[in-house]
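Undergrad: The structure follows.
Read-outs: derived from the displayed coordinates by stated rules, not from any lab. Remember, it's a predicted structure, so these values are computed and weren't measured experimentally. In this analysis, Cβ positions are derived from the backbone assuming ideal geometry, glycine residues included, and neighbour counts consider all displayed protein chains.
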Amino acid sequence: MNTVTLSRAFFGTSLAFHIIFATLGIGLSLMIFISEMLYHWRKDTDYAVMAKRWTKAFAILLGVAIPTGTIVGVQLALLWPGFTKIVGQVISVPFQIEIFAFFLEALFMSIYVYAADRLTPFLRLLSLFFVMLGATASAVLITSANTWMNTPAGFSMKQDGSIYDVNPWEAFFNPSFFTGSFHVVITAYLAGAGTIAAVAGWKLLKRNEKTAQEIAYHKKGLVLGLVVTLVTGLLMGMSGHASAVNLYDHTPEKLAAAEGLFETQSYAPLAIGGFVDANTHEVRYGIEIPWALSILAAFKPSAVVQGLNDFPIETWPPFYTHTFFNLMVFAGTLMIAISGLGLAYWYFIHRKRGKQFPKWLLWATVALGPLGFIGIETGWIFSCSGRQPWTIYQFQTTAQAATKADFVGPLFFLFIVLYVFLGALTVIVLRVFFRRHPLTADLATDGGKRS
Amino acid sequence: MSEESVAILILWALVFAYSILGSIDFGTGFWGMVYAEHKTMAGKLANRYLSPTWEVTNTLLVFVVVAFIGFFPKAAYTLATVMFVPVTLILFLVAIRSTFMVFSYSLAGYERLLRIVSGITGLLIPALLITVLPVTEGAFVSTQGGKEVLLYSKLFSSPALYAYMLFGLTSELFLSALFLADFAREQGSEETYRVYRRNAIFIGPFTLVTAVVALVSTGPETRWLLQNLAGEIPWFALSLGLFVLGYASLWWNNRAHGSLGWPRIAVLAIIGQYAFASYAYGKAHLPYIVHPDLTVKTAFTTEATFYSLLILYAVGIAILLPGFIFFWNLFLKDRSFIRDGKE
Ligand code: HDD
Ligand code: HEM
Ligand code: HEM
C-alpha cells in the first residue's frame, strides 16, 4: 500500500473507533437527561436508578471517547497536512467552538460524576443538561467541518493553491450544514436509544433469573428506549431524505454512485441491494423500483437525475458506496419497524391483555443496538468514501491532502493493536463494573435517593 | 501590534498554560506512583487531584493544537510532517494513560496498575513533547526531494535532545511537587506538605542547570537563537530573581502552620519564573516558527479567520469562566477528602 492508501485506512479506522464511543456519549447523555427528568416528574425512583447506572456506563465510555477523539483530532493534522493547511485558513471556526463544547462537557461531566453527592437536585440536572449540550454541540460542530468538505463554501482558491476571499461563517454554514448536522445528531440519539432498548431487551430475555422488581425496572427501560428510538427514527428518515435531496442538488455524482446510476435520465429508478458491476455499468442482483429515485430526489417522477456518465471517470466515487448506502438505509428502516412493532405490542397486547413480550420480539429489540451502529458506521464510510477522489470537493484531492511522512504503516499497525486492546478492555471493565454493582443493590437504595 | 504578533502571543499563552498544567498533571501521576504506599497522604493527594482534572488538561492540549492550526496553518503543515512519529507516539501514550485513569476510577482494586501506568506515561509524554523545541529551532530538519524530514540519527545522537528531555522532566517534577506541596497545605495535611517540599527543594536547582545545558548544546544550527537570547538578558534576570524568591520562600518561617515555607508564594513565583523565561525564549525564537523557512508572517492564517477566532476566544472564555470557577471551588478548595481520609 502506498502512503495515501495507508493514511486513508489509518484515519478511517481511528474515526470508526472513535465514533462508537462518541456516538454513545451523545446518545446516552440524552437518555440520562430524559430519565432524570422522568424521575423528577413521576417521582418514580426506578428512573433515578436508570440515570445513575447509565451515567456509570457513560463515564466509562467517555474514558475512551476523549482519548480517541484526541487521536483523531491530532491525526487530522498528522495524516492530512495538506488538508489542515486549508482548514486552518478557512474552516477553523467549528474546530475552535468545538473546543469550548469539549470544555463544557468535560467540566460538567467531572462535576456530575465526581461530586454528585455534593450537588442539589437542580444543579445535578443543570450539569447533565450541559453535558448533553456539550456532546450534541460536538457532533454539530465536527459535522460542520465535514459538510464543508462535501460542499465547500466561503473561500476562493488561486491556481497555485493560495486562498483568498475567506468568509469563515459562510464556510461554517455551508450548503449541507443544516441537513448534515441534523442527520448526524438525530442518528446519534437514535443509536443511543437503540442501545438502551437493546440492553433492556437482553435483560428481559433472562427474566426467569430476575425478581419482579428487576423485571419492572427493565420494562420501563425498554419502553423508554423504544419510544425514543421510534421518535428519533422517524426524524432520522426525514433528515436522511433531506440529506439525499442535498446530494442531488450539490454532489450529484455521489448520489449517482450510491444508486449505481450511469445514464442521466428522468423517471430514474431506485436500486435496492445488489452490487454495481464495474464492466457492464449496471446494478446486478438488485431490486429496481421504477421512478422512485426521481421522486425521492426532486419530488416528481419526471425529474432528471444525473448519472455517472456525465462526469469524468477520474472523479467517480468507488462503486462499493452503493452497498454502504443501502446498509445504512436498511438499518434505519429496520429500526423504525422494530421499535414501532415493539411499542404496538406493548400498548395493545401487553398492557391491554397482559401478555408478556415474546422471545422473538425481545431478540429484535436486542438487534436495535447493533443496527444503530451499522447505520452510523456505514453512513460515515458512505459519506467519506463517496467524496473520493476529493478531500475537499472539487478543490483538493485526497492525494494532495495526504502526508508524505515515513513510518505510517508500522504506526497504523500499532494503533490497530491499541484499538483492539481498548475495545476489549472496555467490554471487560463494563462487565466487571456492573457485576460488582448489581441492579438489586441500586434498587434497594433507590439509586441513592433513599438509603 | 500586528495581527501575527497577537496570534503568536495568544498561542504562547496557551502553550504556556498547557506546559504548566500538563507538567502538574504528568508529574502528579509520577508522584502518585512513587508514593503509592507512603505513610502520608502523598499518594492519595496526587490521585485526588488527578481524577477530576486530567480531562480538562487533555482538552487544553487539543486546544493548543487547534489554535496552532487556526493561526499558523502553514507551520502546522511542516510540523505535522516532520513530527509525525513522535506525535503519533504521544497520542498512543495519552490514549493509554487517559483510559486507565478512567477505568481504574470505576473499578476499585486496580489503583496500583493505574499508578504505574500514569507514572510511567507521566514521564514519557513530556519527554516526547519537548522534542518539538529543538526541532523548531531548525537543527534536525532537512528538505529532501521536496519534502521535509526529521533527521532521526542526528536527533538521537545529539546531546541537546537529552538535555531538553531532562529539562522537561525536572521542570515537570519541580512544578508538580511545588503544586502538591501547596495543595497539601490547602488541604491541611502538614506531613504530606513536608514530603513535597523536600522534593521541590531537591529538584529545583536542576531545572536551571538543564535549561542552560539544553540551550547551549544544540550545535551550530542554533547560533541564531543564542544570539537572540543574549538580547533578552533582562527578562532572564527577572526570571532568575523569581526563582530565587520562590525557592527562598520554602524556608521562610510560617507561624500559622508552625513550620517552614510559604508554598503559595513559591508556586506563584515559580510560575512567574517560567512565564518570563518562556516569554523571553519565545521572543528570541521570533520571527521563526520553524527555523529557517517558516516565520510568523509566512505561516499566518487568513485575516478573516484570524478575526473570527479572536471574537470566539472572547465569547468562549466569557461563557466558560463561571464554569471553571465553580469547578475549581468544588474540587480544589474542598477539604472533605482529608476528613474522610482521617476517619
Ligand atoms: C443510525 C444511523 C443512520 C441511519 C439509520 C441512517 N443514516 Fe444516513 N447517515 C448517518 C447515519 C444514519 C450518518 C453517520 O450520520 C451520516 C454520515 C455522514 C453524515 O453526514 O451523516 C449519514 C449520511 C447520509 C447521507 C450522506 C450525506 C452526505 O454525504 O452528504 C445520506 C444521503 C443519508 N445519510 C441518507 C439516509 C437515509 C435516506 C436513511 C434512511 C432512511 C438514512 N440515511 C439512515
Ligand atoms: C461524527 C463524528 C463525531 C462525533 C459525533 C464526535 C463527538 C465527540 C464527543 C461526544 C466527544 C467527547 C467530548 C468530551 O467529553 O470532551 C468527542 C471527543 C473528541 N473528538 Fe470527536 N466526534 C466525531 C468525530 C471527530 C472528528 C472527525 C474529530 C477530529 C477531527 C474529533 C475530535 C475529537 C477530539 C479532539 C475529542 C477529545 C476532546 C477532549 O480532549 O476533551 N471527533 N467527540
Ligand atoms: C466519524 C465518522 C467518520 C468515519 C467512520 C470516516 C471514515 C472515513 C474513511 C473510511 C475515510 C477514507 C476514505 C476512503 O479511503 O475512501 C475517510 C477519509 C477522510 N475523512 Fe472521514 N470519516 C468520518 C468522519 C469524518 C469527519 C467528521 C471528518 C472531518 C471533519 C472527516 C474527514 C476525513 C478526511 C480529511 C479524510 C481523508 C481524505 C479523504 O479520504 O477524503 N471524516 N473517513
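Undergrad: Please give the average number of partner chain Cβ atoms lying within 10 Å of the Cβ of each residue in A:68-77, rounded to a whole number. Don't skip to the end; give the middle numbers.
TA: Values: counts 4, 4, 10, 5, 1, 6, 11, 5, 4, 13.
Whole-number average of other-chain Cβ neighbours for A:68-77 is 6.
Undergrad: Which order do B:Glu55, A:Glu314 fall in if you start with the one that has the fewest other Cβ atoms within 10 Å? Display every interim value, and only then the final one.
TA: Working: B:Glu55 24, A:Glu314 7.
By the 10 Å Cβ count, ascending, the order reads A:Glu314, B:Glu55.
Undergrad: In what order do A:Phe421, B:Phe26, B:Phe103 fall by count of nearby beta-carbon atoms within 10 Å, going from fewest to most? Please list the in-between numbers first.
TA: Working: A:Phe421 13, B:Phe26 29, B:Phe103 25.
Ascending number of Cβ neighbours within 10 Å: A:Phe421, B:Phe103, B:Phe26.
Undergrad: Is there a quick way to get the dipole size of chain A? I mean about its Cα centre, with the Cβ of Lys and Arg at +1 and of Asp and Glu at -1; what is the value in debye to the nearest 20?
TA: On the way: 31 positive and 24 negative charges, 496 e Å.
The calculation lands at about 2380 debye.
Undergrad: While we're on this one: Checking the a/c ratio against 1.5 first, then a/b against b/c, what shape does the Cα gyration tensor give for the stretch B:3-336? Write down the numbers at each step before the final one.
TA: Details: a/c = 1.58, a/b = 1.46, b/c = 1.08.
Prolate shape, in that a/c is at least 1.5 and a/b is the bigger ratio.
Undergrad: When we measure straight from the Cα of B:Lys154, which aspartates and glutamates land under 16 angstrom away, once same-chain ones fewer than 8 places off are left out?
TA: Excluding near neighbours in sequence, the set is B:Glu137, B:Glu221.
Undergrad: Can you give me the C-alpha center-to-center distance between the stretch A:49-108 and the stretch B:260-288, rounded to a whole angstrom?
TA: 30 Å
Undergrad: Taking the highest mean first, how do the peptides B:221-230, A:55-64, B:264-273 order by number of other beta carbon atoms within 10 angstrom per residue?
TA: Numbers: B:221-230: 15.2, A:55-64: 22.5, B:264-273: 19.8.
Those peptides, ordered most packed to least, come out A:55-64, B:264-273, B:221-230.
Undergrad: For chain B, what is the calculated [θ] at 222 nm in deg cm²/dmol (nearest 500), taking -39500 (n - 2.57) for each run of four or more DSSP H residues and dividing by its residue count? Kindly include the intermediate steps, with their values, before the conclusion.
TA: On the way: 15 runs with 268 residues, N = 343.
Computed ellipticity for chain B at 222 nm equals -26500 deg cm²/dmol.
Undergrad: Another question, then. Cα gyration tensor of the stretch B:95-150, axes a ≥ b ≥ c as square roots of the eigenvalues: rounded (a/c below 1.5), prolate (a/b > b/c) or oblate? Don't jump to the answer; show the numbers that get you there.
TA: On the way: a/c = 5.76, a/b = 3.29, b/c = 1.75.
It comes out prolate by the Cα gyration axes.
Undergrad: Can you list the lysines whose alpha carbon sits under 30 Å from that of A:Lys254, skipping same-chain ones fewer than 8 residues off?
TA: A:Lys85, A:Lys158, A:Lys300, A:Lys404
Undergrad: Using θ = phi - 60° and the Karplus curve 6.51 cos²θ - 1.76 cosθ + 1.60, what whole-Hz ³J(HN,Hα) does each residue of the stretch B:68-74 get, with Gly and Pro shown as x?
TA: 4, 5, x, 8, 10, x, 6
Undergrad: Just report the Cα centroid separation between the stretch B:200-248 and the stretch A:269-293, whole Å.
TA: Distance between centres, Cα-based: 70 Å.
Undergrad: Using the Cα gyration tensor of the stretch A:29-139, with a ≥ b ≥ c the square roots of its eigenvalues, what is the shape: rounded (a/c below 1.5), prolate (a/b larger than b/c) or oblate (neither)? Don't skip to the end; give the middle numbers.
TA: Values: a/c = 3.06, a/b = 2.55, b/c = 1.20.
Prolate is the answer for the stretch A:29-139, as a/c is 1.5 or above and a/b outweighs b/c.
Undergrad: Follow-up. Grab the other residues whose beta carbon is less than 12 angstrom from that of A:Ser383, score K and R as +1, D and E as -1, and report the net.
TA: Details: positive: A:Lys254, A:Arg387; negative: A:Glu377.
Net charge around A:Ser383: +1.
Undergrad: For each of A:Val87, A:Val366, count neighbouring Cβ atoms within 10 Å of the residue's Cβ, then give the residues from fewest to most.
TA: Working: A:Val87 27, A:Val366 21.
The fewest-first ordering by Cβ neighbours comes to A:Val366, A:Val87.
Undergrad: Under a cut-off of 17 Å between alpha-carbon atoms, report the lysines in cross-link reach of B:Lys44, not counting same-chain residues fewer than 8 places apart.
TA: B:Lys44 reaches B:Lys333, B:Lys342.
Undergrad: If you place +1 on the Cβ of every Lys and Arg and -1 on the Cβ of every Asp and Glu, how big does the dipole about the Cα centre of the stretch B:3-336 come out, in debye to the nearest 20? It would help to have the intermediate numbers written out before the result.
TA: Details: 20 positive and 18 negative charges, 153 e Å.
My answer is approximately 740 debye.
Undergrad: Moving on. Summing +1 for each Lys or Arg and -1 for each Asp or Glu, what net charge is found among the other residues whose Cβ lies under 14 Å from the Cβ of B:Ser239? Present the calculation step by step, with values, prior to reporting the outcome.
TA: Numbers: positive: B:Lys283; negative: B:Glu232.
Its environment carries a net charge of 0.
Undergrad: Output the peptides A:272-279, A:205-212 sorted from most to least packed, where packing is the average of other Cβ atoms within 10 Å over each peptide's residues.
TA: The packing order, highest mean first, is A:272-279, A:205-212.
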